[in-house]
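The block underneath contains the structure these notes are about, expressed in structure tokens.
Read the figures in this text as sums done on the coordinates, not as results from a lab. Predicted model, so just to flag it, every value in this text is computed and none were measured.
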Amino acid sequence: MSNSLLIPNRYKRLGFIILVPSLILGAMYMFADFQFDFLTIPNENKKLFDLDFNFTDEIALTGAIAGLLLIAFSREKTEDEYINTLRLESLQWAVLINYVLLVIATWVVYDNPYWHVLIYNMLTIPIIFIIRFHYVLAKNKAQ
Amino acid sequence: MKNTIKVQRAIHNMTQQDLAEKIGVSRQTINAMEANKYVPSTLLSLKIARLFHVKVEELFQLEEDE
């Protein structure tokens, strides 16, 4: 049984290279209101909507998701049945933990800060998967 | 389920890495099997048994409550 949704191992590095700047850009956008001016498209219909469109946040989010998926879906150097099972298990784990955390956050965070919860929630499934999968692999290697 | 892979490996004087290479899996797989964290597929079990010249039932035993 081979897993054909996986991409070659070398994309893992590319994933990190895309992920880290995207996360930094996203953090700067969210916490420091930073925008790239060249990504602004002027609004032609100022009567309806008073702001210009800026695509810094779109770039940041797309980059973060792309980076995470590249890392999560890249093959290990040796792909065998155990790694396949571990991958599946880690995905299940990630989905479960993600929703438990989301429910907790839903009851603990209210009003505007909840917007932050939603933003982070878009990225936490691949993040938890990557952490869990590589943690188990590293633990196995150490033995 | 118990397995005697480690014992067989010792008898044939193989490291986990050797065994892994001979059957075409990663060392993590061998480690996980010996630590009883992973039950190998039938295909893999047969390959290991063939490599050690034993029967599959000698490698893997069901426990009382299974």
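Summary of computed values
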item	result
D_trans [Stokes-Einstein, Kirkwood Rh over alpha-carbon pairs] for segment A:77-142, 4 °C, 1.567 mPa s, µm² s⁻¹	98
Pair-distance profile P(r), taking every C-alpha pair of segment A:1-126, with 5 angstrom steps and integer %	2, 9, 14, 15, 17, 15, 11, 8, 5, 2, 1, 0, 0
Choice from B:Ala20, B:Ala49, B:Ala35 showing the highest fluctuation, given a GNM over chain B with Cα pairs closer than 10 Å	B:Ala35
Relative contact order [Cα under 8 Å, 6+ residues apart], chain B, whole percent	44
Radius of gyration and maximum dimension Dmax of segment B:1-40, Cα, Å	9.4, 24
Long-range HN-HN contacts of A:Asn54 with modeled amide H, under 5 Å	A:Ile41
CD proxy at 222 nm, helix term only [per DSSP H run n ≥ 4: -39500 (n - 2.57); per residue of chain A; nearest 500]	-23500 deg cm²/dmol
In Hz, Karplus ³J(HN,Hα) per residue of segment A:63-80 (6.51, -1.76, 1.60; θ = phi - 60°; x = Gly, Pro)	x, 5, 5, 4, x, 4, 5, 4, 5, 5, 9, 8, 5, 7, 4, 10, 9, 9
